[in-house]
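Below: the structure, in structure tokens.
Readers should treat all values here as calculations from the given coordinates under stated rules, not as data from a laboratory. A quick note: this is a predicted structure, and the numbers were derived from the prediction, not measured. We place every Cβ from the backbone using ideal geometry, glycine too, and count neighbours over all the protein chains shown.
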Amino acid sequence: MLKQENYQVNAVWHRLQHEIVEAGLCTHCGACVGLAPGHLQMQQTAAGPLPAPVPGGRTVHLNEQAWAACPGKGVDYPGLHEYLFGQQPQSGLIGCYRRTFVGYAAPEDVRRAGASGGVITQTLLYLLESGQIDGAVVVQQGSTTPYLAAPRIATTRDEILASAQSVYQPVPVNSILGKMAQFNGRLAYVGLPDQVASLRELQRHGHPGAQKVDFVLGPYVGTNMYLEAIASYLRAHDVHSLDDIAELKYRDGEWPGHLMIRLHDGRVFKAEKFYYNYLIPFFITQHTLLSVDFTNELTDISVGDAWHPRFEAKGEGFSVVVARSEKGEHLLQEIADAGLAVLEETSLADALSMHGHMIDFKKRGTFIRLAWRKKMGQRVPEFGYRPVAIPASRQFVELVISSIFLVCGTPLARKIVEKIPLTIIGPLFDTLRKTWKNMSKPTKRKGLATIKFKTMEIKD
């Protein structure tokens with residue numbers, strides 16, 4: 001019996017290793033590591049943190065939960081929508097929702113600490129201080145190594161505030177599942193779409209750590225970059241080791257923030273957000289290109305930047321906030337009633353318009369990229385749905401976008417861009433970005449608001 005059990009367990013890891021990791025589909029969520037503490041660990045690689053056996057030759061013990069919870073193989077969005085919300089989305093572009101808002105945390109220190117309006121941070125603080133949770137699963141930059149971010153369970157106000165801000169590198173949040181299972185109390189959880197999807201599958205399968213989570217929050221996620229982006233930025237400034245970093249913040253200062261890197265020798269490098277975004281096409285993660293979820297559809301509350309001229313002109317942090325579940329809606333109302341958040345209800349159309357470019361990138365662009373990948377004989381994740389039709393003009397735009405990513409991702413292109421001063425490449429990239437958005441906007445927005453999706457059977 002033991003021998004058969006070991007075979008079944010080893011088969012799960014073998015399948016994950018060959019069908020997900022080696023196929024380039026790992027999302028770096030860390031779930032398999034969290035489900036095999038002491039047997040698997042995340043290793044930093046050029047392709048992001050990847051799971052690998054702990055040195056010493058111990059057998060990797062994984063059960064079928066690990067396969068079910070792996071977002072690299074895809075996500076059963078139709079099934080999870082039914083499980084969480086009891087229905088399919090009213091809008092395939094944003095997922096299930098009850099109300100949408102624009103707002104910010106009322107306390108100035110919380111608002112300033114956040115990447116945009118501090119809404120997620122304030123929500124966690126309210127839950128903790130009102131006794132509704134005992135801890136929150138969050139990501140903190142520099143908690144172990146200055147240039148790395150890591151998951152933790154925050155149990156105090158100061159720990160939650162220390163975990164505010166965005167992190168633009170893959171972080172295996174679900175590697176903390178073992179600690180969640182051992183935690184004495186109720187939890188809130190903040191994660192990216194793939195991490196949230198994995199957590200929701202584990203809740204559906206009865207994992208003890210996942211079942212301690214009462215509230216799930218998450219940011220909108222468009223693109224992410226490998227850690228090598230920071231190394232490249234430093235090399236452009238004649239700094240050749242990440243170990244020279246004493247402090248790293250991706251969105252420091254006044255909204256929308258700037259990259260800030262402080263070195264041990266006292267030097268400080270800064271770059272405006274839209275200037276250091278030049279790194280994205282050179283170091284964009286593979287998972288970014290294969291994800292269909294921009295607005296974090298499986299959360300109770302999801303939050304993004306409120307990109308709108310009305311709010312951008314004010315130079316302060318504003319967030320677009322989506323209340324998805326009934327308890328998420330009630331929670332936001334409690335926080336607003338307590339005077340801890342300023343929330344102005346907005347229409348779905350306005351909420352979508354703030355991120356139309358990136359919604360199209362995920363809801364049409366990803367499906368085009370998946371189709372191309374499949375035609376080349378490569379494995380693709382399945383999501384249980386796809387657009388009924390995508391115009392040829394939109395597919396041509398995607399050809400241009402993907403060609404740029406392909407060229408910029410080459411070693412030669414990465415080496416060349418390191419030779420160009422930020423004072424040139426930053427403004428140049430920002431100008432090209434704006435020009436491209438304006439040129440492609442008619443094609444990328446055409447038919448987006450009325451796009452129809454159909455559900456598909458997922459093959460295990």
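Choose one of TYR233, VAL417, GLN203: the residue whose Cα lies farthest towards the positive end of the charge dipole of the chain (beta-carbon charges +1 Lys, Arg; -1 Asp, Glu; about the Cα centre).
VAL417
Given the chain, what percent of its DSSP beta bridges are antiparallel, to the nearest 5?
Around 80 percent antiparallel, to the nearest 5.
Which aspartates and glutamates, if any, have their Cα less than 20 Å from the Cα of LYS327, not counting same-chain residues under 8 positions apart?
Within reach: GLU82, GLU129, ASP134, GLU201, ASP214, GLU297, ASP300, ASP337, GLU344, GLU345.
What does a probe at MET376 reach in the stretch 281-324, counting residues whose amide N is under 18 Å from the point 7 Å along Cα→Cβ?
Only 281-292 pass the distance filter.
What's the exposure ranking of THR423, THR288, THR450, going from fewest to most Cβ atoms within 10 Å? Walk me through the numbers before you get to the answer.
Values: THR423 10, THR288 20, THR450 6.
In order of increasing Cβ crowding within 10 Å: THR450, THR423, THR288.
Taking 8 Å as the Cα distance limit and 6 or more residues as the minimum spacing, I'd like the relative contact order of the stretch 360-455 as a percentage.
With pairs under 8 Å counted, the relative contact order is 48 percent.
By a straight-distance test (C-alpha under 14 Å), which aspartates and glutamates pair with LYS437 as possible cross-link partners, with residues fewer than eight away in the same chain excluded?
Within the straight-line cut-off, LYS437 pairs with ASP360, GLU398.
Need the C-alpha centroid separation for the stretch 277-313 versus the stretch 198-222, integer Å.
Each part's Cα centre sits 20 Å from the other's.
Please order GLU228, GLU64 by the number of other Cβ within 10 Å, starting at the fewest.
Result, fewest neighbours first: GLU64, GLU228.
Compute the distance from the alpha-carbon center of the stretch 430-460 to that of the stretch 257-271, in whole Å.
35
How high is the FRET efficiency between PHE396 and HIS240 when r is their beta carbon distance and R₀ equals 60 Å, given to the nearest 0.05?
Taking R0 as 60 Å, the efficiency between PHE396 and HIS240 is 0.90.
Within the stretch 446-460, whose backbone N sits under 16 Å from a point 7 Å along Cα→Cβ of VAL388?
The answer is 447-456, whose backbone nitrogens lie closer than 16 Å to the label point.
Given +1 on the Cβ of Lys and Arg, -1 on the Cβ of Asp and Glu, and no further charges, what dipole in debye does the chain carry about its Cα centre, rounded to the nearest 20?
Result for the chain is approximately 1640 debye, rounded to the nearest 20.
In nanometres, what is the gap between the two model label sites at LEU348 and GLN88, each 7 Å from Cα along Cα-to-Cβ?
Result: 1.4 nm between the two label points.
Among (1) -0.44, -1.03, -1.43; (2) -0.56, -1.10, -1.39; (3) -0.44, -1.09, -1.56, only one was calculated for this model; which label is it, if the read-out is log10 I(q)/I(0) by the Debye sum over Cα atoms at q = 0.08, 0.12, 0.14 Å⁻¹?
Computing log10 I(q)/I(0) by the Debye sum over Cα atoms at q = 0.08, 0.12, 0.14 Å⁻¹ and matching it to (1) -0.44, -1.03, -1.43; (2) -0.56, -1.10, -1.39; (3) -0.44, -1.09, -1.56 gives (3).
So what's the back-of-envelope 222 nm ellipticity for the chain, counting only DSSP H runs of four-plus at -39500 (n - 2.57) apiece and dividing by all residues, rounded to 500? Walk me through the intermediate numbers first.
On the way: 21 runs with 180 residues, N = 460.
Taking each H run of at least 4 residues, the total per residue is -11000 deg cm²/dmol.
Sort the stretch 324-435 into rounded, prolate or oblate with this rule: let a ≥ b ≥ c be the square roots of the eigenvalues of the Cα gyration tensor; rounded if a/c is under 1.5, and if a/c is not under 1.5, prolate when a/b is larger than b/c, oblate otherwise. Present the calculation step by step, with values, prior to reporting the outcome.
Details: a/c = 2.46, a/b = 1.42, b/c = 1.74.
Because a/c hits 1.5 or more and a/b fails to exceed b/c, the stretch 324-435 counts as oblate.
Just tell me which lysines come within less than 22 Å, Cα to Cα, of LYS179; anything on the same chain fewer than 8 places away is out.
Straight-distance partners of LYS179: LYS212.
Please rank SER166, SER353, fewest neighbouring Cβ atoms within 10 Å first, as an exposure proxy.
Final ranking by Cβ density, sparse to dense: SER353, SER166.
Are there GluC sites (Glu not before Pro) in the stretch 389-460 that DSSP puts in a loop and that have at most 14 other Cβ atoms within 10 Å, and which ones?
GLU457
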